[in-house]
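Reading through the structure tokens given below for one structure.
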Amino acid sequence: MEAQSSSPSPPIVDNNRDMSILTPKVRAFMVKKIASVLVPFPDVNAPYDNRMIELNEYIKYMERKAFERVQTRDDYYTQLAKIILRIYNQRMARPKGPDNDPYSNIPLSHEMADFMGLTEEELEEFDREYNPQDPDSDDEEDSKTHLTRQMRLRVIDKLQSLLFPAPDPFAHYDGRMDNITNKLKQIEAEAFSLSEDRDEYYNIASLKAYRLQKSLKRKGEPYVEQMVKHPAVVTGCEIVEAGCSSLSEDN
């Protein structure tokens, strides 16, 4: 009996390069997966919470950049895995937010770009997309009207990190840096109001922040000793300034 010849197996097609499989629905799912690293249990207010909205905008931007850079699906998922790992490591290095607020682990707006690892160029691109300018505007490129909210928050963050660095990772979260942050916000607002263009804005903000640093040092103590290490300590309903005499026991 003549043996039957087996037909050759069809060649295995490697469709790893078929990026069309990554449909908008799949990519939207991946954005949610990345966001879940910071917000594992969003509540019904998620579509309306400004922190969650901003976080999703950053993640969508980073996901799109990853999608545009790669040629295969494996590379796409590898890039997203790197984003997830960075967010996880950054979250673990920060104090945990209160459990009753599902969005408490999302960084503040002026910290978001550094938290997500955006370069200066990527931040400017993100700002242009997230805060689009009027296409009919005749403003020159260096006009301060091009300074978006994100860019202005970034200036405050940069001035603080360069001239007034926090003494420890928890200083930003327990209120000890609030005084200096508020002063820098005032400086930034004044710089924006007084300046004619972006260059002048940056110069005024830098100069005023530098003068603030110098003025604090001239008072005999650096800003850390004067404004950070001795915050107001809240005890019950009493507010006691650290370093001052204790409350009278006759109350």
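Which of S161, S109 comes first, and how do the rest follow, when ranked by fewest Cβ neighbours within 10 Å? Before the final figure, lay out each step's value.
Details: S161 12, S109 17.
Going from least to most buried by this count: S161, S109.
Would you mind checking K185/K208; K33/K82; K32/K144; K158/K183; K33/K96 for any pair whose Cα atoms are more than 23 angstrom apart? Listed pairs above 23 Å: K32/K144. Straightening the chain between L22 and A189 buys 55.7 nm, computed as 0.36 nm per residue apart minus the Cα-Cα spacing. A Förster radius of 25 Å combined with the Cβ-Cβ distance from R86 to Y210 puts the calculated FRET efficiency at roughly 0.20.
Every read-out reported here was derived from the displayed coordinates using simple, explicitly stated rules and does not represent laboratory data. Please read all numbers here as calculations on a predicted model, not as lab measurements. So basically every Cβ, Gly included, is an ideal-geometry build from the backbone, and we count neighbours across all protein chains shown.
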